[in-house]
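One structure is given here, and the rest of the page talks about it.
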Ligand SMILES: *Cc1c(COP(=O)(O)O)cnc(C)c1O
């Protein structure tokens, strides 16, 4: 039987050597590799600052805090995302709301966003921060969302957990031309990995400094000019805010640095596999992912939409064949936790229609054409049944 996961990391001998070097060195955490990895990601993303943390979830949390999200504030995101894009606001004591998706890109719809902003303005409940999610690695329409932020006065965090290596118009994802902060994930199924890990990029040095402090207990010991109490002792350190231990280790950063060298190659392979799927699935009654002409997708996921009444059968056939398909995502507000906060079924109709039809079929760089052909055959056969 086959055993094909929906996503899988790509680790080379060079990656293993890089990690081994750290294990033999003086620093296992916060040594020389973390700042090196930060500089490399910042250079790659064409952005001034990059702050490494232990997950994208942590990056989203400290990004919200750095932008001042707190009690009484509202944060809006997409319902079609991983729960972390919404949870980060709740960690800060804020409320969350959801803007329905575009039925073709599965990203937050800028037109629906505008209508919702207009309504929110009338009742004085405008969001403080909006978190657009680049679903499957394809950028949201950031120019439009950015233009709305100027009219309605909200800040923007791009959840680019899927999207490192992607582009939007003339910009690299992570360059923050249309946002305050961008967040990447280095979980093993994502484009490049550090085991667990995340990064926040920003052009704003103050935001970067705040996030650096928050990832390490809110303590500063590097820059005495930041001290609130004057001191002359060189060993002094001061906690200025309530922070966390969200640090990335040097072991993780070494893996990340080594992986980053291959990122463009990995994204090209993902796009080739995506194109091959498009071709092979073209004659079947499934909706393949739209490629937006404004964006170059990193192709984190390959989501097909099928008639909702046959989806369960397809899942069963895939699993019976050893093909571990997945669902990205159940609308966040349909989770029991969010329903307890008052959200109800039917709140975002496009997200729910998508959710009832979506299947993520396997896509990862080491996938072979044979495996891809098998996946397509299982899909074709069970549609015919
Ligand atoms: C994976 C993911 C996250 C969380 O990433 P971690 O690094 O696992 O914390 C957040 N948002 C989206 C859209 C994701 O896919």
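Here, each number is a calculation from the coordinates, and none is a lab measurement. Since this is a predicted model, take the numbers as computed values, not measurements. So basically every Cβ, Gly included, is an ideal-geometry build from the backbone, and we count neighbours across all protein chains shown.
Below, the figures for the structure above:
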{"quantity": "Estimated distance in nm for a label pair at residue 11 and residue 370, the labels positioned 7 Å out from Cα along Cα-to-Cβ", "calculated": "2.4"}
{"quantity": "Net length gained if the chain between residue 121 and residue 25 were fully extended (0.36 nm per residue, minus Cα distance)", "calculated": "29.0 nm"}
{"quantity": "Value in Å of the Kirkwood radius, where the range 262-385 supplies the Cα pairs that are averaged", "calculated": "15.8"}
{"quantity": "Listed peptides 296-305, 88-97, 268-277, 146-155 by packing density, highest first (mean Cβ within 10 Å)", "calculated": "296-305, 88-97, 268-277, 146-155"}
{"quantity": "Candidates 38, 14, 196, ranked by Gaussian network fluctuation over the chain, Cα under 10 Å, top entry", "calculated": "14"}
{"quantity": "Bins of 10 Å, starting at 0 and running to the largest distance - Cα pair percent for the range 63-152", "calculated": "17, 51, 30, 1"}
{"quantity": "Per-residue [θ]222 nm for the chain (sum of -39500 (n - 2.57) over DSSP H runs n ≥ 4, rounded to 500)", "calculated": "-12000 deg cm²/dmol"}
{"quantity": "Residue 335 paired with residue 169, simple spin-label distance in nm, labels 7 Å along Cα-to-beta-carbon", "calculated": "3.2"}
{"quantity": "Sorted peptide list for 320-331, 59-70, criterion being average Cβ within 10 angstrom, highest first", "calculated": "59-70, 320-331"}
{"quantity": "Size descriptor, Kirkwood hydrodynamic radius, that averages inverse alpha-carbon separations across the range 1-125, Å", "calculated": "18.3"}
{"quantity": "Distance histogram in 5 Å bins (all Cα pairs of the range 244-324, percent per bin)", "calculated": "3, 11, 14, 17, 15, 12, 11, 10, 6, 2, 0"}
{"quantity": "Diffusion coefficient, µm² s⁻¹, Stokes-Einstein with Kirkwood Rh over alpha-carbon pairs of the range 86-227 at 20 °C and 1.002 mPa s", "calculated": "131"}
{"quantity": "GNM flexibility winner over the chain from 202, 29, 77 (Cα, springs under 10 Å)", "calculated": "29"}
{"quantity": "Per-bin percent of Cα-Cα distances, the range 127-211 [10 Å]", "calculated": "19, 50, 28, 3"}
{"quantity": "Full-extension gain in nm, residue 294 to residue 71, via 0.36 nm per residue minus C-alpha separation", "calculated": "76.6 nm"}
{"quantity": "D (Stokes-Einstein, µm²/s), Kirkwood Cα radius, the chain, 1.002 mPa s at 20 °C", "calculated": "99"}
{"quantity": "Full-stretch length increase - residue 143, residue 46 - with 0.36 nm per residue and alpha-carbon distance subtracted", "calculated": "33.2 nm"}
{"quantity": "Most mobile of 158, 21, 265 in a GNM of the chain (Cα contacts under 10 Å)", "calculated": "21"}
{"quantity": "Cα gyration tensor category, rounded, prolate or oblate, for the range 118-168 with a/c compared to 1.5", "calculated": "prolate"}
